Structures are given as C-alpha cells and as structure tokens.
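Notes follow the structure.
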Amino acid sequence: QVQLVESGGGLVQPGGSLRLSCAASGSIFSINVMGWYRQAPGKERELVAIISPGGSTNYADSVKGRFTISRDNAKKTVYLQMNSLDSDVTAVYHCNVDGRVAASRAPFRSWGQGTQVTVSS
C-alpha cells in the first residue's frame with residue numbers, strides 16, 4: 001500500500017502564492033515520476049506539472065513561468081510552488097506518483113486525495 005498525503009492548499013488573494021506538498025509513504029521500493037494534476041468544477045482533470053527522478057520537468061502551458069515543481073527524493077515528497085495566482089487556477093489539486101512497491105517490485109500509480117486551491121478576493 002502506498003499513501004499520498006497532500007497539504008498546502010487554501011484560499012489566497014489574486015497575485016498571491018501557495019506551496020503544495022505531497023508526501024508518499026508505505027511499502028515503496030522506488031519512485032519514478034511525481035506530478036500534480038488539477039480538476040476545476042465542471043472540467044476534466046488536467047496535468048499541471050510532472051518531474052522525473054533526475055529533476056526533469058514538464059509544465060502545462062498555462063502555468064509555465066508561474067509554477068515550479070520540485071522533489072525531495074529522500075523524503076519521497078513532491079512540491080508545487082505557485083506564484084502570481086489568479087482565479088483560473090482555482091481547482092482541486094491532486095498529486096500523482098508512480099513507482100514500484102517493495103515486496104514484489106510491482107509497479108504502482110497512486111493519487112492523493114486532493115487539496116483545494118481557491119483564488120479569490
């Protein structure tokens with residue numbers, strides 16, 4: 001079993017910043033790609049950013065230059081620094097991690113429960 005615990009969401013004013021965190025725990029042998037997705041009301045879940053074990057990143061065009069994804073491999077944690085926020089980023093943000101479990105080396109892909117980010121004055 002692999003668990004993901006997210007934190008850092010909340011209500012912020014336009015132009016503000018937030019930092020999301022997602023920590024993985026459980027029977028983990030290795031972690032591969034870590035990422036963040038979001039789902040706004042009435043919309044499909046979409047990719048925000050992903051990061052490889054070596055630190056290579058990929059971002060949605062809408063967040064390039066404003067969001068920064070990073071990871072701490074020792075802590076099995078992925079972060080999303082969000083700056084210059086506007087109402088368009090209001091959504092539930094989910095982290096996503098894939099890797100291999102310890103016992104069987106079987107692959108896994110897990111989702112966090114989601115954390116609400118609301119940008120409003």
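Values as computed for the structure displayed
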item	result
Apportionment of accessible area to carbon and sulfur, the chain, percent (1.4 Å)	47 percent
Reciprocal of mean inverse Cα separation for region 19-108 (Kirkwood radius, Å)	13.7 Å
Where the chain is the region considered: accessible area per residue in Å², 1.4 Å probe	52 Å²
Along principal axes, Cα extents of region 1-71, largest first, whole Å	40, 24, 24
³J(HN,Hα) computed for each position of region 41-54 - Karplus, 6.51 cos²θ - 1.76 cosθ + 1.60, integer Hz, glycine/proline x	x, x, 10, 7, 5, 9, 5, 9, 6, 9, 9, 7, x, x
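The values are calculated or read from the model by the stated rules, or taken from the named source; none is laboratory data. Note that this is a predicted model, so its numbers are computed, not measured. Surface accessibility is based on the protein's heavy atoms, side chains included, excluding ligands, DNA and RNA. Shrake-Rupley method; radii C 1.70, N 1.55, O 1.52, S 1.80 Å.
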